[in-house]
Amino acid sequence: MAVILTVERKTAKARIFLALVYAVLSLGGLTMVWPFLVMLAASLTGPYDYYRFSPVVRAFWDRPDRFMRYVAECYPRFPAEIFTDAPAHWGSWIVVARDRAGGRRFAERHLAGLDDPVSAAHWTRMARDYAAFNRDYDLRNSACTFDPRDVAGFVRGHFEAKLRAADPQGFAALSPAARRRAALE
């Protein structure tokens, strides 16, 4: 059942009313879709771009933004020790993400080597060599599976050996309890 009859729809007053109704409905739809898109985009973000509250993730089409996202995934806070050329005020990823122009300049400096075919070939060769090394590396060397009961004895033996090497005669004169105390100091 129509709110406005077909005959009444032809008047200017009814058309304005219908336009307002459709505008309010469109605005209501937009206010529901926009937060949904922001929520969907936030689920695809990381520590670098989470606080942007944008309905789309810029890293889909922006190469410098993709680089910064990757660096943020590798380091929980901005690695100023590694990237010494970064601005001094970049202490957290929130600050880095807010400085869009600075982030773009920073990323473009580090990605410039990919535009040079010689550098790109060199980097590709390095990545291939590293991948080959990782494929051939024995996984047993990558995990430390110690027994907590053995740690105290190992540490005591290690530091007693250092103490013995530093002063063999003084070490021989110490009692076992004094050796343990001296090794821990």
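Please treat every number below as a calculation from the coordinates, not as lab data. Because the structure is predicted, anything quoted here is derived from the model rather than measured. For neighbour counting, all protein chains shown are included, and Cβ atoms are generated from backbone atoms with ideal geometry for every residue, glycine included.
Points worth noting:
- For I16, I94, the sequence from fewest to most other C-beta atoms within 10 Å is I16, I94.
- On Cα atoms only, tilt of 63-74 relative to the major axis of the chain in degrees: 40 degrees
- The stretch 50-138 shape via C-alpha gyration tensor axes, a/c threshold 1.5: prolate
- Residue of V57, V155, V24 that the Gaussian network model of the chain assigns the largest fluctuation, springs spanning Cα pairs under 10 Å: V155
- Candidates D129, D115, D147: whichever shows maximal mean-square fluctuation once the chain is modelled as a Gaussian network with Cα springs under 10 Å: D147
- Cleavage-rule hits (GluC sites (Glu not before Pro)) in the stretch 1-92: DSSP loop, at most 10 neighbouring Cβ within 10 angstrom: E81
- Rounded to the nearest 10 degrees, the angle from helix 117-136 to the longest Cα principal axis of the chain is 60 degrees.
- Net length available on complete extension from Y130 to R9 is 36.3 nm, with 0.36 nm assigned per residue and the Cα-Cα distance removed.
- The chymotrypsin sites (Phe, Trp or Tyr not before Pro) of the stretch 83-176 that DSSP puts in a loop, and whose beta carbon has at most 11 other beta carbons within 10 Å, are Y137, F146.
- Computed label-point distance, nm, for sites N141 and A173 using a 7 Å Cα→Cβ extension: 4.4 nm
- Net charge dipole size for the stretch 31-94 [Lys, Arg +1 and Asp, Glu -1 on Cβ; Debye, nearest 20]: 160 debye
- One equal scatterer on each Cα of the chain, no solvent, Debye formula: the resulting log10 I(q)/I(0) at q = 0.15, 0.17, 0.20 Å⁻¹ is -1.00, -1.11, -1.28.
- Crossing angle, helix 12-42 versus the chain [Cα axis fit, 0-90 degrees, rounded to tens]: 10 degrees
- Note, ³J(HN,Hα) from phi for the stretch 98-111, Karplus 6.51, -1.76, 1.60, rounded to Hz, x at Gly and Pro: 6, 8, 5, 5, x, x, 5, 4, 4, 5, 5, 4, 7, 8
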